[in-house]
Amino acid sequence: MRHYGNLPTIEGYPGLLSQVFINLLSNSLDALEEKGSDQEIKEITITTSLLDEDAVEIRIADNGPGISGDDRDKMFKTFLTTKPQGVGTGLGLANR
C-alpha cells in the first residue's frame, strides 16, 4: 500500500538513499516471510509527507512480528545482525 504526499524536489544522495530504502524493504519482506501462514494478509506500507519547507518524512512499515526489545536496543550497532552469517544486508546506515 502506498500513500504518497506531494513532495518537492529535495537535495540528497540518491544512490545512498535508494540503498537504505531497498534494505528496509528487504528486511520488511524477510519479516513477513517469517510471520508464518500463507493465508494471512501481509502488507508493506510506504507513506511520504512534507513536514515543513525544509523536511520530508518517508515511512516504511509492515505488519510483521516486529523487532525484539533486545535487538531494538542494539539496532544501530555496527555489524549487528539477527540473521545467520551471510544472510541479509543490515539497514545500510552509516555512522558519521
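Sorted fewest first by neighbouring Cβ atoms within 10 angstrom, Lys77, Lys42 come out as Lys77, Lys42. Skipping prolines and chain starts, which residues have an amide H placed within reach, meaning under 5 Å, of the one on Val56, given they are 5 or more residues away or on another chain? When sequence neighbours closer than 5 places are left aside, the close amide H contacts are Leu51.
Coordinate-derived values only; no laboratory data. Note that the structure is a prediction, hence the values are computed from the model and not measured. Note: ideal-geometry Cβ built from the backbone for every residue, glycine included; neighbour counts use all protein chains shown.
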